[in-house]
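The values are calculated or read from the model by the stated rules, or taken from the named source; none is laboratory data. None of these values were measured; they are calculated from a predicted model. Backbone-built Cβ (ideal geometry, glycine too); neighbour counts: all protein chains shown. Keep in mind that these areas ignore ligands, DNA and RNA; they rest on the heavy atoms of the full protein, side chains included. Shrake-Rupley method; radii C 1.70, N 1.55, O 1.52, S 1.80 Å.
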Amino acid sequence: MDWRTTFTGLSWQAGPERRGSLIDFSPTPEQTALVETIRRFGQRELAPRYAYWDQSGEFPRELWRRMGELGLCGLRISPEWGGLGVDALTTGLCIEEVARWDFNCATTVLVPALTGEILEHFATPATKESWLAPMSRGAKVVAISLTEPDAGTDAASLRATARPDGDEFVLNGEKSATTLMMAADASIVFARTGGGGARGVSAFLVPMDLPGITRTPYRDMGSRASVRGSLFLDDVRIPAGNLLGLGGQGFYQVMKGFDLSRALIGLQCLGAARQSLDETMNYVRERQAFGRHLASFQGVAFPIAEHAARIESTRWLCLRALWLRDQGLPHTAEAAMAKWLGPKTAVEAIHECLLLHGHYGYTQELPLEQRLRDVIGLEIGDGTAQVSKLVIARELLGKEFKPL
């Protein structure tokens, strides 16, 4: 079934009877059908090859295209540009379900959701025409390059530069830790166009086939299919029209996007944790020791109960952050909470699941050790725990009391 055709044109925004309600937590029929379709696809196509991409270190480009054909690469891109245009909450339900079956393939939801929003809101019509539709169908991959060797969250320290030269910009500098760098057809690059501080940073869409570009792959502990790497820019010339939005506003543009991606990351991690917990519950119901099923021992059942409660409560925090975004309400603190608690909760739960499987959990015969390695990476990406707490404290106490 081509559910992309089935769902295109439906209204994904909550109707008047649902908008503003904090009582009705039930998904819409469209959301339920979408998640069920992803579940069937994940069980059939994603789960069987989850370990393969980790062991080979390859980027699953053909699978990325297939997921694009299903609409997963264009969830946040409007139908005008070939996407589905679903709301943030629905996007969260999708990334959670994909991550249950292949944590790294959930990047097909996460990265295009962020880069697609930036391009749709700030790119010129010509740039949108060239990139958004191919992105939506999975034919082109667009990464986002903000972090540098000496700067990440601290935009005031960015050193990459973009110098105007006639009807072009000339870019120089280095970007590090870019997810999908080795597979990207283009990347949204943040570079300094003005003076010091965040207000001097602008954003540009930079195709990866231009002269002066060099990419170097990372050898990561986990999430190897996300093919992270560094980007080196040596007098790279791009058209002035590749500037995204107003000059000097690049950092503020991406900060708004991070409120989306941080909540999505929380759900991505929790999807892997929920699947691990489900597998572990099945295992302890069947496995016996001392003449009893493992599930009947408090030392087994109580940790499962504790992690189930933590996963469920953190999940609702993530969903609420996305719901607030859909309502146009402030959600920076909630998104940062989701980013801190989501990976943390997932790492602890998956680790416990691995231990409850005994020595089998430590082998590559089961997906638990890979999930643990993969999820740990997102305790760093898009803001460490320390950065998340700083954002939360600033939002709660006020900028004048921002922790140092």
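Miscellaneous remarks
- Comparing mean-square fluctuations of Ser202, Ser78, Ser26 from a GNM of the chain with C-alpha springs under 10 Å, the top value falls on Ser26.
- For the residues Thr32, Thr332, Thr115, a GNM of the chain with alpha-carbon springs under 10 Å puts the largest fluctuation on Thr32.
- The mean sequence separation of alpha-carbon pairs under 8 Å and at least six residues apart, normalised by the residue count of the range 332-404, gives a relative contact order of 41 percent.
- Using a cutoff of 8 angstrom between alpha carbon atoms and counting only pairs six or more residues apart, the relative contact order for the chain works out to 15 percent.
- Among Arg76, Arg315, Arg292, residue whose mean-square fluctuation peaks in a GNM of the chain (springs only between Cα atoms under 10 Å): Arg292
- Table column - 3J(HN,Hα) (Hz), the range 375-390, Karplus curve with 6.51, -1.76, 1.60, x for Gly and Pro: 5, 3, x, 8, 6, 10, x, 6, x, 5, 4, 5, 5, 4, 5, 4
- Share of carbon and sulfur in the accessible heavy-atom surface of the chain [1.4 Å probe, %]: 55 percent
- Based on DSSP H segments of at least four residues, each scored -39500 (n - 2.57), the chain has a per-residue ellipticity at 222 nm of -15500 deg cm²/dmol.
- Contact order normalised by residue count of the range 217-326, Cα under 8 Å, 6+ apart, percent: 23 percent
- Backbone HN-Hα couplings from phi across the range 36-50 [Karplus 6.51/-1.76/1.60, Hz, Gly and Pro as x]: 5, 5, 4, 4, 5, 5, x, 5, 7, 10, 8, 4, x, 10, 4
- Qualifying lysines (Cα of each under 24 Å from Cα of Lys344; at least 8 residues distant if same chain): Lys256, Lys389, Lys402
- Label point distance in nm, Ala301-Arg39, each placed 7 Å from Cα along Cα→Cβ: 2.6 nm
- Around the amide H of Gln327, modelled in the peptide plane, lies no amide H under 5 Å away from a residue 5 or more places distant or on another chain.
- Full extension of the chain between Ala151 and Asp165 gives 2.4 nm of extra length, using 0.36 nm per residue less the Cα-Cα distance.
- In the context of the full set of protein chains, the chain has a per residue accessible area of 44 Å² (1.4 Å probe).
- Once both labels are positioned 7 Å from their Cα atoms along Cα-to-Cβ, the gap between Tyr360 and Lys402 label points is 5.1 nm.
- Residues in the range 276-292 carry Karplus couplings, in order, of 4, 5, 4, 5, 5, 4, 4, 5, 6, 6, 9, 6, 10, 8, 6, x, 9 Hz; the curve used is 6.51 cos²θ - 1.76 cosθ + 1.60 with θ = phi - 60°, and Gly or Pro positions show x.
- Spin-label pair Asn282/Ser26, simplified geometry with 7 Å Cα→Cβ offset, distance in nm: 2.8 nm
- Once backbone amide H atoms are built at 1.01 Å from N, Ala143 has Asp185, Ala186, Ser187, Ile188 as its partners under 5 Å, excluding neighbours fewer than 5 places away on the same chain.
- Distant-in-sequence amide H partners of Phe103 (H built 1.01 Å from N, under 5 Å): none
- The chain: translational diffusion in µm²/s, Stokes-Einstein, Kirkwood Rh over Cα pairs, 4 °C, 1.567 mPa s: 59 µm²/s
- Nearest-20 debye value, the chain charge dipole, Cβ charges on Lys, Arg, Asp, Glu: 400 debye
- For the range 128-162, trypsin sites (Lys or Arg not before Pro) are listed when DSSP marks them as loop and at most 14 other Cβ atoms sit within 10 Å of their Cβ; the list is Arg159.
- With Cα atoms defining each centre, the range 237-315 and the range 67-127 are spaced 18 Å apart in the structure.
- Cα gyration tensor shape for the range 116-222, rounded if a/c is under 1.5, else prolate or oblate: oblate
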